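K.L.:
I am attaching a structure below and will ask some questions about it afterwards.
The values are calculated or read from the model by the stated rules, or taken from the named source; none is laboratory data. Please read these numbers as outputs of a predicted model, since none were measured by experiment. Here the Cβ positions follow ideal geometry from the backbone for every residue, glycine too, while neighbour counts run over all protein chains shown. Note: accessible area is taken over every heavy atom of the protein model, side chains too, but ligands, DNA and RNA are not part of it. Shrake-Rupley method; radii C 1.70, N 1.55, O 1.52, S 1.80 Å.
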Amino acid sequence: MFQLLVSKTQSMKNDVLSGLTVSLALVPEAVAFAFVAGVEPLVGLYAAFLVGLITATIGGRPGMISGATGALAVVMVSLVAQHGVEYLFATVVLMGILQMLAGAFRLGKFIRLVPHPVMLGFVNGLAIVIFLAQMKQFKFADETGAFQWLQGSEMGMMLGLVALTMAIIHFLPKLTRAIPSSLAAILVVSLLVIFLDLDTRTVQDVLANMTGNADATIAGGLPAFSIPSVPMTFETFYIILPYAVILAAIGLIESLLTLTLIDEVTETRGRGNKECVGQGVANIVTGFFGGMGGCAMIGQSMININSGGRGRASGISAALFLLAFIVVGASLIEMIPVAALVGVMFIVVIATFEWASFRLWGKVPKADLLVVLTVTVVTVMSDLAIAVVVGVIMSALMFAWKHAKHVEFETWTESEGQTKVYLSHGPLFFASAQSFRDNFKPKSDPDDVIIDFKDSQVMDHSGIEAIDAVAERYMAAGKTLHLRHLSQECVVLLEKAGSLVEVNLIEDPDYKIADDRLA
């Protein structure tokens, strides 16, 4: 009993300290994504707090961190520019409703359709995106507004502090795990910069650059309830619906893929449908409290996992610490050097990237490697949701092509050459239908022909049409055709060849066919 109590206490401590680490890194990201979307910094910070708190409390994956994300922000920017921020809040509410419906109809299970090569490409692409996002911290805007790389001592100071941060994160766990190494690194580097008065950029400098206001701050009050000020008309609905659908889809794809990744890292199992509902509730509430909405954040989630956060308390504490920074601790957070946060994110990149991918060359099919590379490139160049869709489509087409070549036939003659038997092997579906048809030669076959489907399964309507087409060719040639071992569904759907089926209730198989006419 005592050991159990000690274990729970240790787990709670790890969750709270890990949540503090995550909250420190959340601030500049939330502000940055708010500016990408074209809204005020507090709109992003409120979203990070509300979405993070609610999903951590009722979501399907303990230890996963949610908040404002860049994937959603790039979609929001055109809506805000054309119609204003109030339309964004209304869209976020509708987005949440759609996500709740996805969970209620148990659509989260479809994340299982994402093949492993797509997951590898997603993880590697996201690691590269996180890495590239940090590069802007090594640049400054000149008089013309163009970004230039830091020079001389400024670059040296930045690189030195980043390296020190990464060294602390790497080596501290070898000495003690009493405090998350990421948190310790941020604290040590911050204190070093403050007490030695080192000349390096801080979070406050980043805010000033983003806003063009030297006195910019993240300080604010508690989020207040407000119904979005938009006309309650069908015209408004038509405006926000396309954005809501896209945002809901991107949010769920990113959240469920992050959930799957954390499942693999922690060797536990999250609940996808529950996470859909949690994300939906979080975005509905956020829309009514002036937030820009959000979804799971792979970078922050990996920081949390690497820092020892495993339970719901880690996400809850991260959200509460973030709120505390907004309300009372803004001045302290604004003193954190950017180099410390960059160092933490570089460690996340190293931990996130699947370095084992390089060992796959020559060991897995080239088609799978092509999927991994394509998804990685599309994630970096375009968008996560597009990359996943492209990867799934590529994998499906490659699977279809591979199995299309598996339709084979055994043939023999019976009754002294008067009857020819075709025994089909392999699945009959849209990709193999043409190959199936090409195997039959009605003009040269005897007058009596049997096609046996004992070792073949008809998968879809294209397969049914292929059987009908072959039957029509034999009937046109004036020959007798028999079809054996077809399922009852096949018999129902066959139009030309239905009367040719030899029904055997004992031997005939029972399987389902994907066809709208059976609905």
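K.L.:
Here are Met95, Met135, Met166: which of them is within 30 Å of the chain's Cα centre (by Cα), of a type outside the set (Ser, Thr, Tyr), modelled with pLDDT of 85 or more and under 15 Å from Ala248 (Cα atoms)?
P.N.:
Values: Met135 fails: under 15 Å from Ala248 (Cα atoms); Met166 fails: under 15 Å from Ala248 (Cα atoms).
Among Met95, Met135, Met166, only Met95 is within 30 Å of the chain's Cα centre (by Cα), of a type outside the set (Ser, Thr, Tyr), modelled with pLDDT of 85 or more and under 15 Å from Ala248 (Cα atoms).
K.L.:
Having 3 or more residues that are open to solvent by less than 20 Å² (accessible area, probe 1.4 Å) is the bar; report the helices (runs of 4 or more DSSP H) wholly within the stretch 357-446 that clear it. Even if it seems obvious, please write down each step before you answer.
P.N.:
On the way: elements: 366-381, 384-404, 433-438.
Once the helices (runs of 4 or more DSSP H) in the stretch 357-446 are filtered for at least 3 residues that are open to solvent by less than 20 Å² (accessible area, probe 1.4 Å), what remains is 366-381, 384-404.
K.L.:
Same structure, new question: How many residues, within the stretch 403-416, are over 14 Å from Asp455 (Cβ atoms), at pLDDT 75 or above and under 48 Å from the mean Cα position of the chain (by Cα)?
P.N.:
0
K.L.:
Testing Lys363 on (1) within 26 Å of Ile305 (Cβ to Cβ); (2) without any contact (Cβ under 8 Å) to a residue 24 or more places away in the chain; (3) charged (D, E, K, R), one condition comes back false. Which one is that?
P.N.:
The single condition Lys363 does not satisfy is (1).
K.L.:
Something else: Just one of the numbered conditions (1) open to solvent by less than 10 Å² (accessible area, probe 1.4 Å); (2) touching a Gly at 6+ places or on another chain (Cβ under 9 Å) is not true of Thr258; which one?
P.N.:
It is condition (2) that Thr258 fails.
K.L.:
For the stretch 44-67, give me the residue count where each residue is part of a helix (DSSP H, G or I), closer than 10 Å to Ala296 by Cα and of a type outside the set (Gly, Ala, Ser).
P.N.:
The number of residues fulfilling the criteria is 2.
K.L.:
Condition (residue is within 30 Å of Thr200 (Cα to Cα), part of a helix (DSSP H, G or I) and either out of contact with any helix residue (DSSP H, G or I) (no Cβ under 6 Å at 6 or more places or on another chain) or charged (D, E, K, R) (or both)) applied to the stretch 332-340: is it met by at least one residue?
P.N.:
Pass one, the stretch 332-340, residues within 30 Å of Thr200 (Cα to Cα): 332-340.
Filter again for part of a helix (DSSP H, G or I), leaving 332-333, 338-340.
Add one more test, that the residue is either out of contact with any helix residue (DSSP H, G or I) (no Cβ under 6 Å at 6 or more places or on another chain) or charged (D, E, K, R) (or both), and what stays is 332.
Among the residues of the stretch 332-340, at least one is within 30 Å of Thr200 (Cα to Cα), part of a helix (DSSP H, G or I) and either out of contact with any helix residue (DSSP H, G or I) (no Cβ under 6 Å at 6 or more places or on another chain) or charged (D, E, K, R) (or both), which makes the answer yes.
K.L.:
List the number of the failed condition for Leu101; all other conditions in (1) farther than 21 Å from Leu241 by Cα; (2) open to solvent by 10 Å² or more (accessible area, probe 1.4 Å); (3) modelled with pLDDT of 90 or more hold.
P.N.:
Unmet condition: (1).
K.L.:
Hey, can you tell me all the residues within the stretch 462-476 that are within 22 Å of Lys402 (Cα to Cα) and open to solvent by 60 Å² or more (accessible area, probe 1.4 Å)?
P.N.:
Going through the stretch 462-476, the residues within 22 Å of Lys402 (Cα to Cα) turn out to be 462-467.
Scanning the stretch 462-476 gives a single hit, Glu465.
K.L.:
Take the residues of the stretch 337-346 that are at pLDDT 85 or above and surrounded by 21 or more Cβ atoms within 10 Å (Cβ to Cβ): which is nearest to Ser153 (Cα to Cα)? Explain how you work it out, then say what you get.
P.N.:
Taking the stretch 337-346 and keeping what is at pLDDT 85 or above, we get 337-340, 342-343, 346.
Subsequent filtering for residues that are surrounded by 21 or more Cβ atoms within 10 Å (Cβ to Cβ) retains 337-340, 342-343.
Numbers: Pro337: 16, Val338: 16, Ala339: 14, Ala340: 17, Val342: 18, Gly343: 18 Å.
Once the filter is applied, the top-ranked residue is Ala339.
K.L.:
What residue, of Phe122, Phe131, is touching a helix residue (DSSP H, G or I) at 6+ places or on another chain (Cβ under 6 Å), assigned to a helix (DSSP H, G or I) and open to solvent by 60 Å² or more (accessible area, probe 1.4 Å)? Let's see the steps before the verdict.
P.N.:
Values: Phe122 fails: open to solvent by 60 Å² or more (accessible area, probe 1.4 Å).
Being touching a helix residue (DSSP H, G or I) at 6+ places or on another chain (Cβ under 6 Å), assigned to a helix (DSSP H, G or I) and open to solvent by 60 Å² or more (accessible area, probe 1.4 Å) holds for just one of Phe122, Phe131, which is Phe131.
K.L.:
Pick from Gly291, Gly315, Gly280: which is assigned to a loop (DSSP other than H, G, I, E, B), open to solvent by less than 40 Å² (accessible area, probe 1.4 Å) and among the small types (Gly, Ala, Ser)? Please lay out each step first, then the result.
P.N.:
Working: Gly315 fails: assigned to a loop (DSSP other than H, G, I, E, B); Gly280 fails: assigned to a loop (DSSP other than H, G, I, E, B).
Criteria check complete, one pass: Gly291.
K.L.:
Continuing with this model, one more query. Report, by residue number, each residue of the stretch 477-488 that is part of a loop (DSSP other than H, G, I, E, B) and surrounded by fewer than 16 Cβ atoms within 10 Å (Cβ to Cβ).
P.N.:
Within the stretch 477-488, the first condition is being part of a loop (DSSP other than H, G, I, E, B), and the residues that meet it are 477-479, 485-487.
Matches in the stretch 477-488: Ala477, Gly478.
K.L.:
With surrounded by fewer than 20 Cβ atoms within 10 Å (Cβ to Cβ) and not hydroxyl-bearing (Ser, Thr, Tyr) as the only criterion, which of Leu94, Leu79, Leu107 stands out? Let's see the steps before the verdict.
P.N.:
Working: Leu94 fails: surrounded by fewer than 20 Cβ atoms within 10 Å (Cβ to Cβ); Leu79 fails: surrounded by fewer than 20 Cβ atoms within 10 Å (Cβ to Cβ).
It is Leu107.
K.L.:
Here is a further query. Would you mention how many residues in the stretch 174-204 are open to solvent by 70 Å² or more (accessible area, probe 1.4 Å), more than 22 Å from Ser314 (Cβ to Cβ) and of a type in the set (D, E, K, R)?
P.N.:
So the count comes out to 3.
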